[in-house]
Amino acid sequence: MPEIRTDWDAIVVGGGPAGSTAARYIAEGGADVLVIDGRDPIGSPLQCGELVPSNDEMRRLCPDVPDVDDLLQTPEEAISKRTGEMRLVPPSGKPLRYDFDGLVLNRVAHDEALVDLAKSKGAEYLVDSRVERVEDETVYLRDGSEYTARVIVGAAGHNDPVRKTQWQEESLNIPVKFVLMSGEFTDAVELHFGSVAPGGYAWMFPKDGGANIGLGIQMSLSKGKSLNNYAEDFISRYGGQVTYSGAGSLPMSGSIRSLVKGNHLLVGDAAGMVLPSNGAGITIAMIGGRIAGQVVAEHLRDGTPLSEYERRWNTQMGKVMRNSKRAFRLGSLLFRAPDWLLNIAFNRLTKRFIWRAVTCRPLLGLG
């Protein structure tokens with residue numbers, strides 16, 4: 001492999017959806033950008049539930065986000081299944097059913113496609129390289145090598161080294177466990193609530209020839225039962241052969257207060273860009289990545305303040321994120337209730353309000 005240059009306009013730490021999207025738009029804006037990631041290949045190992053809204057659904061969920069089709073260019077080979085229904089399932093097992101236009105991804109293929117797209121715009125990648133720390137304009141790798149850039153973007157999840165160096169803000173992180181299972185499943189997406197996943201939810205996302213099945217919980221509400229035990233109990237409801245087991249963590253406090261410090265920016269999970277009310281993070285991270293990438297490119301080219309990133313994020317996603325935080329706080333109270341009370345709460349009269357909460361809309365109103 002040819003030697004990678006050490007001085008760049010911008011460096012992105014982490015090549016997932018947020019990082020690769022940021023790099024794509026930085027490069028598209030005319031700057032030289034390097035993405036550094038500890039994985040090889042990027043996208044492996046799988047760490048999430050793989051469900052995203054379709055582009056049409058995204059326009060409904062996030063109406064202030066422009067040019068959705070330019071941002072979200074999911075290739076057919078990265079789509080495992082299309083779904084038209086979501087079922088919200090209380091402990092009784094009697095679901096509330098909703099129209100939902102969603103895509104269940106082959107997440108590894110999806111992330112690889114984002115890398116290819118960023119490379120097609122001119123971004124370069126350094127993989128299998130772990131960042132030790134970030135100071136000012138320098139990124140220090142564990143192998144002792146150093147890289148410098150005028151702007152550094154942290155996109156390496158909740159343990160991102162840029163965040164650990166510059167930010168002190170704490171976030172609620174929910175641990176998740178999941179499996180890929182072969183077999184035949186309903187075409188509808190399922191979210192399960194109640195004692196099956198205290199403080200969080202369990203899911204079944206159907207895929208071609210199988211499903212992604214898992215859950216996330218708030219450990220403070222687990223009553224001493226381990227995440228593994230909850231996962232085993234829920235996964236055992238489904239008949240099929242487990243072909244892969246994975247784990248991860250979701251930041252559920254919403255986006256952090258400050259996204260920029262000096263010449264450092266955070267995007268994606270590192271910035272808390274996950275909707276707390278439904279756990280959506282892939283497309284939300286890409287929205288943040290595009291805004292960050294565009295602003296970084298403008299900053300390097302024209303001197304646009306990096307603080308413009310925060311302003312645009314709030315314009316495009318502030319309302320949705322605030323609604324999602326409110327719904328999560330309400331849900332956290334509700335999901336402390338016994339299962340019998342949740343069964344009563346999930347009914348035809350509350351159906352509309354529950355859906356508005358899950359999809360980050362005001363509980364009352366026309367929006």
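Scan (1) at pLDDT 95 or above; (2) in contact with a helix residue (DSSP H, G or I) (Cβ under 8 Å, 6 or more places away or on another chain); (3) surrounded by fewer than 18 Cβ atoms within 10 Å (Cβ to Cβ) for the single condition ARG87 breaks and write down its number. Failing condition for ARG87: (2).
Select from the range 224-239 the residues that are out of contact with any Phe, Trp or Tyr (no Cβ under 8 Å at 6 or more places or on another chain) and either assigned to a helix (DSSP H, G or I) or open to solvent by less than 40 Å² (accessible area, probe 1.4 Å) (or both) and list them in ascending order.
Here is the first cut: in the range 224-239, the residues out of contact with any Phe, Trp or Tyr (no Cβ under 8 Å at 6 or more places or on another chain) are 224-230, 232-237, 239.
Result: LEU227, ASN228, ASN229, TYR230, GLU232, ASP233, PHE234, ILE235.
The set of residues from the range 310-321 being touching a residue at least 24 places away in the same chain (Cβ under 8 Å) and within 19 Å of the chain's Cα centre (by Cα) comprises GLU310, TRP313, GLN316, MET317, LYS319, VAL320, MET321. The set of residues from the range 125-158 being out of contact with any helix residue (DSSP H, G or I) (no Cβ under 9 Å at 6 or more places or on another chain), of a type in the set (Asp, Glu) and more than 16 Å from VAL33 (Cα to Cα) comprises ASP128, ASP136, ASP143. Select, from GLY15, GLY19, GLY49, the only residue that is modelled with pLDDT under 95, among the small types (Gly, Ala, Ser) and crowded, with 24+ Cβ neighbours inside 10 Å. GLY49 is the lone residue from the list that is modelled with pLDDT under 95, among the small types (Gly, Ala, Ser) and crowded, with 24+ Cβ neighbours inside 10 Å. Among the residues of the range 90-113, those that are open to solvent by 20 Å² or more (accessible area, probe 1.4 Å), touching a Gly at 6+ places or on another chain (Cβ under 8 Å) and either modelled with pLDDT under 95 or assigned to a helix (DSSP H, G or I) (or both) comprise ARG107, VAL108, ALA109, GLU112.
If you scan the range 322-337, which residues turn out to be outside any helix (DSSP H, G or I) and either under 30 Å from ALA285 (Cβ atoms) or in contact (Cβ under 8 Å) with a residue 40 or more places away in the chain (or both)?
Kept after step one, since they are outside any helix (DSSP H, G or I), are these residues of the range 322-337: 335-337.
Within the range 322-337, PHE335, ARG336 qualify.
The values are calculated or read from the model by the stated rules, or taken from the named source; none is laboratory data. Keep in mind the model is a prediction, meaning the values are calculated, not measured. As a convention, Cβ positions derive from the backbone with ideal geometry for all residues, glycine included, and neighbour counts pool all protein chains shown. Keep in mind that these areas ignore ligands, DNA and RNA; they rest on the heavy atoms of the full protein, side chains included. Shrake-Rupley method; radii C 1.70, N 1.55, O 1.52, S 1.80 Å.
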